[in-house]
Amino acid sequence: MAYSKKVIDHYQNPRNVGSLDKSAPTVGTGVVGAPECGDVMKLQIQVEGDRIVDAKFKTFGCGSAIASSSLATEWIKGKTLDEALAIQNTQIVEELSLPPVKIHCSVLAEDAIKAAVHDYKTKQALEAKS
Amino acid sequence: MKLPIYMDYQATTPCDPRVVEAMLPYFSESFGNAASRNHRYGWEAEAAVEQARERIAALIGAHPKEIVFTSGSTESINLALKGAAQMYAEKGRHIVTCQSEHKAVLDVAKHLEMQGFEVTYLQPDTTGRVSAEAVAAALRPDTILVALMWANNEVGTLNPVREIGELCHAKGVLFFTDATQAAGKIPVDVEADHVDMACLSGHKLYGPKGIGILYVRRKNPRVRLVAQMDGGGHERGMRSGTLNVPSIVGLGKACELARLELPEESARTAALRDHLERRIFGELDFVYLNGNREHRLPNNLNVSFAYVEGESLIMGFADVAVSSGSACTSASLEPSHVLRAMAVGEDLAHSSIRFGIGRSTTREEVDFAATQVIAAVKRLRELSPLYEMALEGIDPKTVNWQAHH
Ligand SMILES: Cc1ncc(COP(=O)(O)O)c(C=O)c1O
């Protein structure tokens with residue numbers, strides 16, 4: 001299977017690899033997928049106000065999964081939470097020219113963004129209560 | 001060193017130049033039909049075919065008359081299993097095989113099930129091996145055929161063929177073994193090993209593609225088959241069709257070379273395989289051997305690199321041509337059925353890579369491959385959330401994953 005230039009670029013030079021402190025109240029963590037399905041994405045956001053000031057990822061998965069999550073962190077950095085939530089997997093498919101068998105990778109990346117934002121919001125709600 | 005380095009010798013092998021040379025005269029000079037009895041063109045072709053038959057028979061300890069030419073192992077498997085099932089259906093309708101067989105065997109078995117045969121699919125042990133005891137326990141009064149491979153194409157595990165053969169002969173059950181990966185790599189002797197039918201394929205032992213044989217025992221017992229290809233009655237009526245003389249000559253030459261060079265070649269490939277294995281296991285943590293350390297092909301190494309997905313790993317060493325048991329690399333969505341049958345977890349099945357050592361593989365190539373693989377695994381583990389968890393002491397297996405598909 002041939003990969004698009006952009007997938008190869010993200011695979012070889014992944015952006016924003018790493019981890020943020022998942023216990024920090026300003027960090028939201030999303031972990032999606034499952035090892036037995038062949039892909040797991042962990043995407044984390046650092047939020048100030050309602051803006052994402054930093055994003056990190058780690059992905060177990062094929063080249064397209066790595067590229068999708070790398071691209072996702074690039075896109076959400078600097079965006080508000082609502083703007084990040086508006087990102088759709090189809091935009092990732094288009095940007096990376098993913099073939100049909102790899103569309104699930106982009107779905108996973110979209111889910112990871114949503115999961116990270118959800119985690120952040122849940123944490124904030126808990127903080128507000130206590 | 002020519003890049004990418006070919007290390008997928010279980011998928012196919014290049015034609016040995018000596019094989020190509022032996023074949024060349026049979027395309028345009030000695031082009032006769034081996035079935036033409038009335039002139040020299042035919043006689044020449046026939047003589048070449050008979051010489052090839054002898055060379056092939058010599059490799060597996062058979063009599064030349066027991067060799068039936070086919071288009072390859074897939075066809076041989078079809079002929080053996082369907083041909084025997086149809087011939088002996090009156091005697092019984094039960095067949096024993098194994099979950100980790102090649103798809104060619106499993107698909108033919110499914111086909112026979114639809115025609116009213118009953119098939120027992122034995123589960124191999126975690127190293128991919130089926131014991132003679134497990135076969136014995138599966139035999140029934142109506143069992144007519146046991147089909148178990150000599151060597152597995154993914155993990156290289158060898159079955160105890162001789163014990164299974166003895167058992168089958170004692171019980172009066174026919175024994176077919178798929179020797180596609182074994183022939184030319186390890187000693188194969190259909191007499192000593194009590195094999196009734198066996199297949200091999202040219203392109204797995206440095207011969208041409210599209211040619212293979214089925215060995216069909218002539219006595220003790222005499223095996224009879226219902227032909228699956230009707231026509232001129234070639235090959236003792238078991239496989240009609242004008243013989244593919246150049247390819248047959250090539251297969252004969254390939255088998256002769258394999259027989260003469262086997263002791264040296266198996267020792268050499270095993271040494272290189274062991275070197276590759278030592279480097280991988282010495283320089284990486286969380287790596288697992290898939291297969292059987294004791295009973296295995298000399299040229300095969302199948303390893304799971306935990307916490308790294310196979311396809312991304314292969315992408316990471318583009319200069320080495322290998323295969324992965326991960327689903328992402330193949331058309332299906334399921335990871336390797338062989339690793340599943342061996343109860344290797346699906347996560348580790350997704351992380352598996354098969355390395356093959358071939359006739360022309362050098363130590364330099366093996367070292368290059370090892371260095372590339374090790375570097376790629378390390379780099380991808382930096383990216384892997386599962387490796388991070390493992391280092392934190394969390395076993396990813398204990399996590400309740402929200403699976404999507
Ligand atoms: C064990 C085994 N059996 C059967 C086959 C099919 O062989 P052929 O390509 O000659 O049809 C292969 C090759 O893929 C194999 O490895």
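List of remarks:
- Residues of the stretch A:12-60 satisfying the condition of being of a type in the set (Ser, Thr, Tyr), within 19 Å of B:Arg379 (Cβ to Cβ) and in a loop (DSSP other than H, G, I, E, B): A:Ser19
- The single condition among (1) within 11 Å of chain B (Cβ to nearest Cβ); (2) within 22 Å of B:Ser351 (Cβ to Cβ) that A:Gln44 does not meet is (2).
- Count of residues meeting criterion [in a strand (DSSP E or B) and within 14 Å of another protein chain (Cβ to nearest Cβ)] in the stretch B:340-378: 2
- Members of the stretch B:66-124 found to be in a loop (DSSP other than H, G, I, E, B) and aromatic (Phe, Trp, Tyr), listed by number: B:Tyr88, B:Phe117
- Of the candidates B:Asn290, B:Asn300, the single residue that is within 23 Å of B:His203 (Cβ to Cβ), surrounded by 15 or more Cβ atoms within 10 Å (Cβ to Cβ), within 18 Å of the chain's Cα centre (by Cα) and not assigned by TED's automatic domain parsing to the domain that holds B:Asn153 is B:Asn300.
- Residue that is surrounded by the most Cβ atoms within 10 Å (Cβ to Cβ) [pool: residues in the stretch B:223-242 that are under 25 Å from the mean Cα position of the chain (by Cα) and charged (D, E, K, R)]: B:Arg239
- Inter-residue pairs, beta-carbon under 7 Å, first more than 23 Å from B:Val155 (Cβ to Cβ) and in the stretch B:113-139, second in a loop (DSSP other than H, G, I, E, B), 6+ apart: B:Gly116/B:Arg93; B:Phe117/B:Arg93; B:Glu118/B:Arg93; B:Leu139/B:Val173
- Condition met for A:Val101 (at pLDDT below 95, closer than 24 Å to B:Gly325 by Cβ and β-branched (Val, Ile, Thr)): yes
- Qualifying strands (runs of 3 or more DSSP E) (wholly inside the stretch B:146-236; at least 2 residues being more than 26 Å from B:Ala134 (Cα to Cα)): B:212-216
- Taken together, the residues in the stretch B:88-120 that are of a type outside the set (Gly, Ala, Ser) and within 16 Å of the ligand (Cβ to nearest atom) amount to 12.
- Once the stretch B:44-65 is narrowed to residues that are part of a helix (DSSP H, G or I) and surrounded by fewer than 18 Cβ atoms within 10 Å (Cβ to Cβ), the residue that is farthest from the ligand (Cβ to nearest atom) is B:Ala47.
- Listed by first and then second residue, the pairs linking a residue in the stretch B:3-15 that is within 16 Å of the ligand (Cβ to nearest atom) to a residue that is aromatic (Phe, Trp, Tyr) and part of a loop (DSSP other than H, G, I, E, B), with Cβ atoms under 8 Å apart and 6 or more places separating them unless they lie on different chains, are B:Thr13/B:Tyr206; B:Pro14/B:Tyr206; B:Cys15/B:Tyr206.
- Test for A:Ala84: is it touching a residue at least 60 places away in the same chain (Cβ under 8 Å), under 17 Å from A:Leu71 (Cβ atoms) and part of a helix (DSSP H, G or I): no
- Single condition B:Leu297 does not satisfy, out of (1) more than 13 Å from every other protein chain (Cβ to nearest Cβ); (2) under 15 Å from B:Thr371 (Cα atoms): (2)
- The number of residues in the stretch B:136-159 being away from the ligand (no atom under 16 Å from the Cβ) and of a type in the set (Ser, Thr, Tyr) comes to 1.
- Contact annotation: residue pairs with Cβ atoms under 9 Å, 6 or more positions apart or on different chains, pairing a residue in the stretch B:38-51 that is among the hydroxyl-bearing types (Ser, Thr, Tyr) with a partner that is at pLDDT 95 or above, are B:Tyr41/B:Ser30; B:Tyr41/B:Phe31; B:Tyr41/B:Gly32; B:Tyr41/B:Asn33.
- Among the residues of the stretch B:273-284, some residue qualifies, meaning at least one is in a loop (DSSP other than H, G, I, E, B) and either under 21 Å from the mean Cα position of the chain (by Cα) or not charged (D, E, K, R) (or both).
Okay, residues lined up against (1) under 18 Å from B:Glu388 (Cβ atoms); (2) of a type outside the set (Ser, Thr, Tyr); (3) at the interface with chain B (Cβ under 9 Å from one of its Cβ atoms):
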position: A:Ser23; (1), (2), (3): yes, no, no
position: A:Val32; (1), (2), (3): yes, yes, yes
position: A:Pro35; (1), (2), (3): yes, yes, yes
position: A:Thr59; (1), (2), (3): yes, no, yes
position: A:Ala84; (1), (2), (3): no, yes, no
position: A:Thr90; (1), (2), (3): no, no, no
position: A:Leu98; (1), (2), (3): no, yes, no
position: A:Asp119; (1), (2), (3): yes, yes, no
position: A:Lys129; (1), (2), (3): no, yes, no
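- Tally, over the stretch B:85-108, of residues that are buried (at least 24 other Cβ atoms within 10 Å of the Cβ) and under 14 Å from B:Thr143 (Cα atoms): 4
- Matching residues in the stretch B:303-318 - criterion: being crowded, with 20+ Cβ neighbours inside 10 Å and part of a loop (DSSP other than H, G, I, E, B): B:Ala306, B:Tyr307, B:Val308, B:Glu309, B:Phe317
The values are calculated or read from the model by the stated rules, or taken from the named source; none is laboratory data. Computed from a prediction, not measured in an experiment: that's the story for all the values here. Methodologically, a virtual Cβ is constructed for each residue, glycine included, from the backbone with ideal geometry; neighbour enumeration extends over all protein chains shown.
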